[in-house]
Amino acid sequence: MASRLTDLIAKKRLLIVDGAMGTMLQSAGLGLGECPELWNIEHAERVQDIHEDYLKAGADIIVTNTFGGSPKKLKMFGLQERTQEINRAGAELAVKARGACSRSEPALIFGSVGPTGELLEPLGTATPHSLLDQFTVQIRALVEGGVDAIIVETMISPEEAILAARAAKSVLKSLPVIVNLTYEPTPQGPRTMMGTSPERFVKMLADQNVSVDGVGTNCGTGADDMVSVVAALRGCTRMPIVAYPNAGMPRMQDSVAVYDEAPDEFAEKTAKLADAGAAMVGGCCGTTPEHINQLSRRLSNVA
Amino acid sequence: MAQRRFQSVGRRQALDEKRIKDSLITGQQEQLCDLVRSALDEGESAKEVLDVMIAGMQVVGDRFQKKEFFIPEVLLAARAMTSATGLLKPILAASGVEPCGKVVIGTVLGDLHDIGKNIVGMMLEGNGFEVINLGRDVAPEKFIEAAKETGAEVIGLSSLITTSMPQMRRTIELLEADGLKGSVSVMVGGAPVTQEFANSIGADGYADDATGAVQKVKELLQIG
């Protein structure tokens, strides 16, 4: 299916995804117990600034500040009634940021969809139907706000990830969807906390006839531990692969999380994910525009 | 006659012990409850049945720690355990068998994550502890209150986001101010939490997974 996403991958071979939103918002003053997504409305200019910083750093793809934008997550802040408004605003801010940074090849905007925090039956109480409904509400608002694609991120449950992908295709059949799980290293290879391997997830997508436009991984680990995930995915699918690791693992210093991996070290390690077969690489928790800038420069020099 | 009956009970007991353990480890709730019911019918003591299940739960914990088991296996086993323990509780209470300790658990203020903390709670219950689960987004004062009310020996604090971690320090400071530090131990855990962080805020224990948390609580309470 032709989309700007597939066209751009074909043209540039390797796309740079932006870096962290959450840890950037914290540095911008997001307080304890505050809803990060509400900043799309209450501190819109700061969220837009972060998007613009990443665009200037060389990101080809920016990801909306809507990770916790499902009605269930927003409900924890008493904001479920504002799901549509908050997600739409998140998408519109990214569109505005793109407009403010004109360049020959405009950036792509990925609408972020994170886990609902609920467990599906029989492990938890959520039904597939209820999750599908939640994702549909969120994704419809993201599409109205102007996203080019949906990225389902940081999922540990393959079933929940698949429901989010189905919801996206039900909102708009031509909407590109990429699905990322978060893996951790185990003696048997990378597994999600639910025990799912990258190969198993790709097989589930095929068996259940779920059409997606890319698969990948983000968060959970630094780039070192992500190489085996990308390699495993490369071994079992021809779909574009996306990978964006944390800036190493967090270390606590005076009650503040410090991600020690400096931009140059991060760039060097993350470039190896491209070598392993990823078509889109970027950063997750702890990464900054400088991390993305160094990654972008390193990869454009290599290419 | 009496001799034969004893032998036959003895054989069945050995058989059921394995089946009880296996059905717990594989998370077969109904089968486990059936086996527990018939064991009780046959005159097994509730305490012995509980000990067999606790041994089974330790196997689940070991496999989880070795990353042979993941969340689904642990949750299903823990649920089977909870439901079978429900059958034993009235009998245990009537015969004066006490839980091996009381633990107040919760996710700290500003943090809405639930799953990891609940797994720790179920593993503790599965190992014979009474667990008072305060849920998520729990203020430091609430932990202290609950520990006082219930006479819990341990408070377990969970945090999954770095911004909520200072609440762990605050809880310990409050405990100190109340003069309870020392009589109530504080355990901390959660993805971004480390041993160094635990040391730096004066926590009594840290574990990096649910199995480790159970071991640590046992250590703190000096249970073999």
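The values are calculated or read from the model by the stated rules, or taken from the named source; none is laboratory data. These numbers were taken from a predicted model, which means no experiment stands behind them. Note that we place each Cβ from the backbone using ideal geometry, even for glycine, and neighbour counts take in every protein chain shown.
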Kindly check whether there is at least one residue in the stretch B:40-56 that is touching a residue at least 60 places away in the same chain (Cβ under 8 Å), surrounded by 19 or more Cβ atoms within 10 Å (Cβ to Cβ) and within 14 Å of chain A (Cβ to nearest Cβ). no
Residue that is nearest to residue B:32 (Cα to Cα), among those in the stretch B:57-67 that are without any contact (Cβ under 8 Å) to a residue 40 or more places away in the chain and in contact with an Asp or Glu (Cβ under 9 Å, 6 or more places away or on another chain): B:63
The listed residue being away from chain B (no Cβ under 14 Å) and on the phi < 0 side of the Ramachandran plot, out of A:247, A:206: A:206
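For (1) in a helix (DSSP H, G or I); (2) among the basic types (Lys, Arg); (3) touching a strand residue (DSSP E or B) at 6+ places or on another chain (Cβ under 8 Å), each residue gets a yes or a no:
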{"site": "A:78", "(1), (2), (3)": "no, no, no"}
{"site": "A:84", "(1), (2), (3)": "yes, no, no"}
{"site": "A:94", "(1), (2), (3)": "yes, no, yes"}
{"site": "A:102", "(1), (2), (3)": "no, no, no"}
{"site": "A:106", "(1), (2), (3)": "no, no, no"}
{"site": "A:111", "(1), (2), (3)": "no, no, yes"}
{"site": "A:122", "(1), (2), (3)": "no, no, no"}
{"site": "A:132", "(1), (2), (3)": "yes, no, no"}
{"site": "A:141", "(1), (2), (3)": "yes, no, no"}
What is the number of the single condition among (1) at pLDDT below 90; (2) assigned to a loop (DSSP other than H, G, I, E, B); (3) out of contact with any Lys or Arg (no Cβ under 8 Å at 6 or more places or on another chain) that residue B:119 does not meet? (2)
Per the filter on the stretch B:136-150, residues surrounded by fewer than 23 Cβ atoms within 10 Å (Cβ to Cβ) and either among the aromatic types (Phe, Trp, Tyr) or touching a strand residue (DSSP E or B) at 6+ places or on another chain (Cβ under 6 Å) (or both) are B:136, B:146, B:150
Hey, among the residues in the stretch A:140-162 that are surrounded by 24 or more Cβ atoms within 10 Å (Cβ to Cβ) and β-branched (Val, Ile, Thr), which one's nearest to the other protein chains (Cβ to nearest Cβ)? A:152
Is the stretch B:130-144 home to any residue that is of a type outside the set (Ser, Thr, Tyr), part of a helix (DSSP H, G or I) and either without any contact (Cβ under 8 Å) to a residue 12 or more places away in the chain or within 17 Å of residue B:214 (Cβ to Cβ) (or both)? no
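Okay, residues lined up against (1) within 14 Å of another protein chain (Cβ to nearest Cβ); (2) touching a Gly at 6+ places or on another chain (Cβ under 9 Å):
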residue: A:7; (1), (2): no, no
residue: A:14; (1), (2): no, no
residue: A:23; (1), (2): yes, yes
residue: A:48; (1), (2): no, no
residue: A:66; (1), (2): no, yes
residue: A:75; (1), (2): yes, no
Within the stretch A:280-303, residues of a type in the set (A, V, I, L, M), in contact (Cβ under 8 Å) with a residue 40 or more places away in the chain and surrounded by fewer than 24 Cβ atoms within 10 Å (Cβ to Cβ) come out as A:299, A:303
Subset tally (residues that are at negative phi, of a type outside the set (Gly, Ala, Ser) and out of contact with any strand residue (DSSP E or B) (no Cβ under 8 Å at 6 or more places or on another chain)) for the stretch A:7-33: 8
Residue that is surrounded by the fewest Cβ atoms within 10 Å (Cβ to Cβ) [pool: residues in the stretch B:68-115 that are away from chain A (no Cβ under 14 Å), in contact (Cβ under 8 Å) with a residue 12 or more places away in the chain and in a loop (DSSP other than H, G, I, E, B)]: B:95
Answer yes or no: is there a residue in the stretch A:182-193 that is crowded, with 16+ Cβ neighbours inside 10 Å, within 14 Å of chain B (Cβ to nearest Cβ) and either closer than 13 Å to residue A:273 by Cα or among the polar types (S, T, N, Q) (or both). yes
Residue check, residue B:218 under 13 Å from the mean Cα position of the chain (by Cα), more than 14 Å from chain A (Cβ to nearest Cβ) and surrounded by fewer than 20 Cβ atoms within 10 Å (Cβ to Cβ): yes
Residue A:105 versus (1) touching a residue at least 12 places away in the same chain (Cβ under 8 Å); (2) within 14 Å of chain B (Cβ to nearest Cβ): which is the lone unmet condition? (2)
Criterion first (hydrophobic (A, V, I, L, M, F, W, C), buried (at least 16 other Cβ atoms within 10 Å of the Cβ), away from every other protein chain (no Cβ under 14 Å) and outside any helix (DSSP H, G or I)) does residue A:137 satisfy it? no
Failed condition for residue A:227, given (1) surrounded by 18 or more Cβ atoms within 10 Å (Cβ to Cβ); (2) in contact with an Asp or Glu (Cβ under 7 Å, 6 or more places away or on another chain): (2)
Among the listed residues B:176, B:153, which satisfies the condition of being over 27 Å from residue A:251 (Cβ atoms), more than 14 Å from chain A (Cβ to nearest Cβ) and surrounded by fewer than 22 Cβ atoms within 10 Å (Cβ to Cβ)? B:153
Within the stretch A:39-70, the residues that are in a helix (DSSP H, G or I) and either under 13 Å from residue A:142 (Cβ atoms) or among the small types (Gly, Ala, Ser) (or both) are A:40, A:44
